[in-house]
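In what follows, a structure is listed as structure tokens, so that the remarks can point back to it.
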Amino acid sequence: MWWVYAILSAFFASLTAIFAKIGITGVNSNLATAIRSVIILLVAWGIVLARSEYKGIPALSRHNIIYLIVSGVATGLSWIFYFKALQIGKVNQVAPVDKLSVALTIVLSVIFLGESLTLKTVIGALLIIIGTMVLIFEQ
């Protein structure tokens with residue numbers, strides 16, 4: 001079932017790029033990111049409240065909170081740079097290059113989480129890296 005959610009994530013991420021490119025026309029990219037972040041905050045908390053999942057807050061450890069905060073900072077920085085790239089670049093170049101994060105995540109999962117690599121994973125990551133280089137240097 002995980003792959004259904006992953007495909008839905010990819011689908012909505014693709015819509016994000018298209019709608020963001022349209023939405024940032026004539027708008028400062030940092031302001032656009034801030035507006036988007038408020039909407040995400042409202043949607044996420046709306047779901048948490050509707051499903052009574054806020055009851056899990058007391059169970060969060062200091063470790064959970066620290067890493068969720070750090071993850072949030074990384075997400076915020078990613079969005080700021082993504083929106084700036086969308087503002088000055090083409091969606092069909094920016095969005096695929098942004099997905100270099102997939103290959104980087106594979107490498108970082110081995111380094112920090114001790115996850116193992118398969119030959120298929122290595123080949124997939126290398127293809128993503130090569131594809132990214134093709135898009136960057138296609139000019």
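Taking the Cα centre of the chain as origin and assigning +1 to Lys and Arg Cβ atoms and -1 to Asp and Glu Cβ atoms, the resulting dipole is close to 200 debye.
Stokes-Einstein, applied to the Kirkwood radius of the range 1-134 over Cα pairs at a viscosity of 1.567 mPa s and 4 °C, places its translational diffusion at 75 µm² s⁻¹. For each pair in LYS99/LYS120; LYS21/LYS84; LYS90/LYS120, compute the distance between the two Cα atoms and list the pairs where it is over 22 Å. Distance filter (> 22 Å) returns LYS90/LYS120. Relative contact order of the chain, taken over Cα pairs closer than 8 Å and 6 or more residues apart, is 28 percent.
Bear in mind these aren't lab numbers, they're just calculated from the coordinates by the rules spelled out. A quick note: this is a predicted structure, and the numbers were derived from the prediction, not measured. Positions of Cβ are backbone-derived with ideal geometry, glycine not excepted, and every protein chain shown enters the neighbour counts.
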